[in-house]
Amino acid sequence: MLPKVKSATTSSRSSTAERASGPATPIQYVKGVGPKLGALLASRGIATVKDILHFFPRAYEDRTRLLRVSELKDGEKASTAVRVLSSRKIPTRFGKSILEVRTGDTSGTLSLKWFHAPRGMESRFLPGIQIIVTGSVKSYMGRLEIVHPEITWNVSTDTGESAPGAANDAAASEAGNPNMGRVVPVYTEIEGITSRVLRRVLWEAVEKYITTLSEDLPERFLRQHSLPPISESIRTIHFPPDSRDFSIANLVEFNDPAHWRLIYEEFFKFEYLVLRQRLRMEKDPAATFGLAGGLVALKELESLLPFKLTRDQERAVSEILADLAEPHPMNRLIQGDVGSGKTAVAFLAASCVLAEGGQVALMAPTEILAEQHHRSAIRLFGGKLKTALLTGKTTNVERASLHARLAAGEPLLLIGTHAILEEIVQFKNLAFTLIDEQHRFGVEQRRTLRHKGTRLDPKTGKNIYPHTLVLSATPIPRTLALTAYGDLSLTSIRELPPGRSPVKTKIVSDRTERNQAYEQIRRELAGGRQAYFIYPLVNESEAEGFTQLKSVVVEAERLANEVFPEFRVGLLHGQMKPEEKALVMDLFQRNEIQLLVSTTVVEVGVDVPNATVIAIEHAERFGLSQLHQLRGRVGRGSWASTCFLFTHAGTGATANQRLGALERTTDGFEIAEADLEIRGPGEFLGTRQAGTLPFRLANLVRDKDWLIKARNDAAELLKFDPELTLPEHVRLRNFYEREGSIQFDRLKTS
């Protein structure tokens, strides 16, 4: 059957409807865009009017005043009204040409240059026409020039010389000109689309569609914080009005009521979503623990520990037990500094569940860490805590036996890697899931593990969900705890166990200091202690564009043969086979390797109390939190320990200042805050995790005060009207329904 062809009338009605749909209007229908530019914009994620209105400037230029040529200064960006004097093409050695246009006013001359001028461009620069030129001024061989300037045409066509003052008045009077006579927005250029084109498209979009934007937020919150309406805010951000008393500096620094309004809205909509998700999960059913023999088993295990729990650890255990006793699933994050004893707390909580017939799974991101956890459980509790290990190295025979035990419902703490997520691994009664270093797992992996513990309750006919505890060895800054981890309850362990001595940190920047560090390391090794050397690369071939970087393979050989020939040196990196890595770690654990040369695979979880020195090459290339984690590999025994941060030629003052934070403090929470401020959430969390934060303007460091306000308001609204049924909240409900991010009427109790 042939497809039906729409009639002209139907097609016309469809197009009209699309054009009239306000913010949802396809971008191609904005005046001056059309199908070709519309397709290019859509391919870059700008498909609708709403998308372009939320494509915000990266900077602003003050074009309210035109300077004389004599007033232009080298290195400054400025605008000037000039008359074209002549133009020519200058051939280059490579068969191309440079377009040079000589211009000037009564005070001097200015040269304009284009290195990649479009064909025929020179024909537009007719002698005598007046243009306005904007760009960065440079002095070249005593002459002023602007390379690749922005040109405003048709300023004046008379043959007389216009005075600068007249040009100023003319430009300022052009209220309909988005490029001159105003503070002009500068946009990040999209491939094939200049900032000038984007400015023109936005001018048309703002003029026609700004009043169609929906005011989604409850009015009382806007009044409470003295925030302007959405339409006024977006218009101001794109094209600040002439009459408004404002500061360009405030606009650039996002310190303006228009920015505050949009930043608050981004945080509010996100926080309401996160808090609602948290509330919904709290209404899911779960099995309860700790009310029967679980508490007795926990206390028995605690008595086996070779140390007394710190007050922070005791509080963490109490908070977890309170969660396990609730008929709803726990969703809690334990964050702690390096060596604060998070894993011991997790094991104690697991014993409570095991004692009452539940199964527990602990998922770690690497085999080294999974094996470390397994050894720690055996070392601390012997056979009193029933554990099993599942990694890529587990044999088929061992796997078959383990699968059968899990499927039969044997109370067991399964410690493993991603292998736990395999479909063949089936639990009969997975009641408690532990995820170590959550940021290293994707959303789907965490969801898969939770699904393995979801089962049907024969009594109620409803699903029962497992309790979940997340462990993070990287302290989470408060703003990230409220956003990326906002659906989790938070427990912090800041107190370190007694006997842990702070690690002394030294920045090593020259050959003399390096030789002194080598001598200190030699003394430690001679005294029976051990050391780590950490490198950023496995092989030199990885260092494309960074040939000066040292690799772990080459350096291990140099250290073994030239620097520390009297000691046994081991090599460890992620490209080695699992059995090779296991052998090296076992030898290092038993002090049969004195010096371990490694990449960052030892960053988390490796526990060798006898190691007292760690040297980190190219420390300037690591984030502060990662360096702090690496530093945490030493100082785990009773001996004084040292961390050497080796920097190299070309390390800037900013990098050295950043590393200085590690010399000043060993507080992981303080370091995490500094790391977030320096690198931002993308680098701190990793791209995959940070990609879940849908912020265009809001910045977790700069705007943390607005985040707190928005979260408090969202919590108030959720408590007052969780389904958003009141008339003043309908537009917000409509927003979430359009986005498909909330299924309403699911918070009602049955």
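The values are calculated or read from the model by the stated rules, or taken from the named source; none is laboratory data. Just so it is clear, the structure is predicted and the values come from calculations on it, not from any experiment. Cβ atoms come from the backbone with ideal geometry, glycine included; neighbour counts cover every protein chain shown.
Taken over the stretch 613-649, residues that are over 19 Å from Arg664 (Cα atoms) and either touching a strand residue (DSSP E or B) at 6+ places or on another chain (Cβ under 6 Å) or buried (at least 24 other Cβ atoms within 10 Å of the Cβ) (or both) amount to 2.
Of all residues in the stretch 40-64, those satisfying the criterion of being touching a residue at least 40 places away in the same chain (Cβ under 8 Å) and exposed (fewer than 15 other Cβ atoms within 10 Å of the Cβ) are Arg44, Arg58, Ala59, Asp62.
Which of the residues spanning the stretch 640-668 are closer than 19 Å to Phe533 by Cβ and touching a helix residue (DSSP H, G or I) at 6+ places or on another chain (Cβ under 8 Å)? Selection gives Thr642, Cys643, Phe644, Leu645, Phe646, Thr647, His648, Thr651, Leu659, Leu662.
Filtering the stretch 43-59 for residues that are farther than 30 Å from Ser214 by Cβ, in a helix (DSSP H, G or I) and not charged (D, E, K, R) leaves an empty set. Looking at Leu707, Leu724, Leu717, just one residue is assigned to a loop (DSSP other than H, G, I, E, B), among the aliphatic types (A, V, I, L, M) and either exposed (fewer than 13 other Cβ atoms within 10 Å of the Cβ) or modelled with pLDDT of 75 or more (or both), and that residue is Leu724. Scanning the stretch 362-378 for residues that are outside any loop (DSSP other than H, G, I, E, B), hydrophobic (A, V, I, L, M, F, W, C) and within 28 Å of the chain's Cα centre (by Cα) yields Leu362, Met363, Ile368, Leu369, Ala370. Residue check: Arg119 meets all listed conditions (1) under 23 Å from Glu71 (Cα atoms); (2) loosely packed, with under 10 Cβ neighbours inside 10 Å; (3) among the basic types (Lys, Arg) but one, namely (1). In the stretch 323-341 there is no residue matching the filter, namely being farther than 23 Å from Arg278 by Cβ and assigned to a strand (DSSP E or B). Taking the criterion of being within 19 Å of Val69 (Cα to Cα) and free of Cβ contacts under 8 Å to residues at least 24 places away in the same chain, the residues of the stretch 79-116 that qualify are Glu100, Arg102. Name the pairs: first residue in the stretch 351-377 and free of Cβ contacts under 8 Å to residues at least 40 places away in the same chain, second residue in a helix (DSSP H, G or I), Cβ to Cβ under 7 Å, at least 6 apart or on different chains? Matching pairs, first to second residue: Ala377/Phe347.
Those strands (runs of 3 or more DSSP E) of the stretch 563-631 in which at least 1 residues are farther than 30 Å from Pro475 by Cα, considering only elements entirely within it, cover 569-572.
In this structure, does Thr460 turn out to be crowded, with 16+ Cβ neighbours inside 10 Å and touching a residue at least 12 places away in the same chain (Cβ under 8 Å)? Taking the combined requirement at face value, the residue does not satisfy it. State yes or no: is Asp284 among the acidic types (Asp, Glu) and surrounded by 21 or more Cβ atoms within 10 Å (Cβ to Cβ)? For Asp284, the condition - among the acidic types (Asp, Glu) and surrounded by 21 or more Cβ atoms within 10 Å (Cβ to Cβ) - is not met. Restricting the stretch 123-157 to residues that are under 46 Å from the mean Cα position of the chain (by Cα) and of a type in the set (D, E, K, R) leaves a set whose member that is surrounded by the fewest Cβ atoms within 10 Å (Cβ to Cβ) is Arg143.
Selection over the stretch 70-98 of residues that are of a type in the set (A, V, I, L, M, F, W, C) and touching a Pro at 6+ places or on another chain (Cβ under 9 Å) gives a count of 4.
Restricting the stretch 318-361 to residues that are on the phi > 0 side of the Ramachandran plot and within 28 Å of the chain's Cα centre (by Cα), the residue that is surrounded by the fewest Cβ atoms within 10 Å (Cβ to Cβ) is Gly339. Being outside any loop (DSSP other than H, G, I, E, B), out of contact with any strand residue (DSSP E or B) (no Cβ under 6 Å at 6 or more places or on another chain), of a type outside the set (Phe, Trp, Tyr) and buried (at least 21 other Cβ atoms within 10 Å of the Cβ) is a property that Arg315 lacks. Taking the listed residues Pro285, Pro257, the one that is touching a Pro at 6+ places or on another chain (Cβ under 9 Å) and farther than 29 Å from Thr25 by Cβ is Pro285, with no other qualifying. Summed over the stretch 603-639, residues that are touching a helix residue (DSSP H, G or I) at 6+ places or on another chain (Cβ under 8 Å) and on the phi > 0 side of the Ramachandran plot total 1.
Evaluate the stretch 538-552: report whether one residue or more is assigned by TED's automatic domain parsing to the domain that holds Thr647 and modelled with pLDDT of 90 or more. No; the residues of the stretch 538-552 include none that is assigned by TED's automatic domain parsing to the domain that holds Thr647 and modelled with pLDDT of 90 or more. Cβ-Cβ distances below 7 Å connect the following pairs, each with a first residue in the stretch 549-560 that is under 8 Å from Pro536 (Cβ atoms) and assigned to a loop (DSSP other than H, G, I, E, B), a second residue that is of a type outside the set (Gly, Ala, Ser) and at pLDDT below 90, and a separation of six or more residues or different chains: Leu549/Pro536; Leu549/Leu537. In the stretch 570-586, the residues that are farther than 13 Å from Val602 by Cβ reach residues that are small (Gly, Ala, Ser) and in a loop (DSSP other than H, G, I, E, B) with C-beta atoms within less than 8 angstrom, at least six apart or across chains, in these pairs: Pro578/Gly392.
Pairs linking a residue in the stretch 128-150 that is closer than 16 Å to Ser107 by Cβ to a residue that is of a type in the set (S, T, N, Q) and in a loop (DSSP other than H, G, I, E, B), with Cβ atoms under 9 Å and 6 or more positions apart or on different chains, are Gln130/Thr157; Gln130/Ser162; Ile132/Asn179.
From the list Ser625, Ser638, exactly one residue is small (Gly, Ala, Ser), in contact with a Ser or Thr (Cβ under 6 Å, 6 or more places away or on another chain) and more than 15 Å from Gly570 (Cβ to Cβ). Which is it?
Ser625
Of the numbered criteria (1) part of a loop (DSSP other than H, G, I, E, B); (2) over 20 Å from Lys581 (Cβ atoms); (3) not charged (D, E, K, R), the one Phe381 fails is (1). Filtering the stretch 453-484 to residues that are assigned to a loop (DSSP other than H, G, I, E, B), modelled with pLDDT of 90 or more and over 22 Å from Phe441 (Cβ atoms) leaves nothing.
Going by the structure shown, is Thr468 in the same structural domain as Leu362 (by TED's automatic domain parsing) and in contact with a Phe, Trp or Tyr (Cβ under 6 Å, 6 or more places away or on another chain)?
No; evaluated as a whole, the condition is false for this residue.
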